[in-house]
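Student: Dropping the structure in here first, questions after.
Read-outs throughout are calculated quantities, based only on the coordinates presented, and are distinct from any laboratory measurement. Being a predicted model, the structure only gives us computed values, none of them experimental. So basically every Cβ, Gly included, is an ideal-geometry build from the backbone, and we count neighbours across all protein chains shown.
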Amino acid sequence: RRVLFRSEVFSAMLTTADYVPVESSHEWRLALHLVDLERSFVKPLRFDASLDEVLPDFILLDTDMRQCPLEVYGMATKEYEERRREKEAYYSATFGLRGWWSWDALQEQAIPELPPKTVKTGPIGVAP
């Protein structure tokens with residue numbers, strides 16, 4: 001007897017070897033860097049929010065700010081640059097000029113220095 005399976009909907013998500021979801025090669029590099037540095041962070045996912053909500057690429061949880069948005073910029077289209085300006089204005093208004101971090105991966109090959117780790121975290125990245 002032969003059994004056939006048919007999928008009506010299929011979805012895939014790119015992740016690192018540590019199962020951190022990423023959306024680009026630049027995010028991939030930053031995720032690996034965060035893990036190598038043993039930083040405590042989360043990766044917000046779009047299905048966790050509305051389409052209009054500003055979601056950073058990652059959020060550091062081990063800084064003085066407790067939640068420090070990390071944004072990776074890696075494209076140069078007109079629409080992308082417009083969205084970048086909107087995000088930068090939002091982050092600056094919400095977190096202050098120094099309360100968030102960004103990396104323009106098209107301009108800088110090396111990942112810039114991250115905000116310092118100031119909060120000790122547990123083994124799964126949860127602050128005690």
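Student: Is at least one residue of the range 91-101 closer than 29 Å to Val119 by Cα, in contact with a strand residue (DSSP E or B) (Cβ under 9 Å, 6 or more places away or on another chain), surrounded by 11 or more Cβ atoms within 10 Å (Cβ to Cβ) and of a type in the set (Gly, Ala, Ser)?
Tutor: Yes; the residues of the range 91-101 include at least one that is closer than 29 Å to Val119 by Cα, in contact with a strand residue (DSSP E or B) (Cβ under 9 Å, 6 or more places away or on another chain), surrounded by 11 or more Cβ atoms within 10 Å (Cβ to Cβ) and of a type in the set (Gly, Ala, Ser).
Student: Looking at Arg39, Arg29, Arg6, Arg84 in this structure, which one is surrounded by fewer than 15 Cβ atoms within 10 Å (Cβ to Cβ) and basic (Lys, Arg)?
Tutor: Arg6
Student: Taking the range 10-59 as the search range and keeping residues that are aromatic (Phe, Trp, Tyr) and part of a strand (DSSP E or B), which one is nearest to Val72 (Cα to Cα)?
Tutor: Phe58
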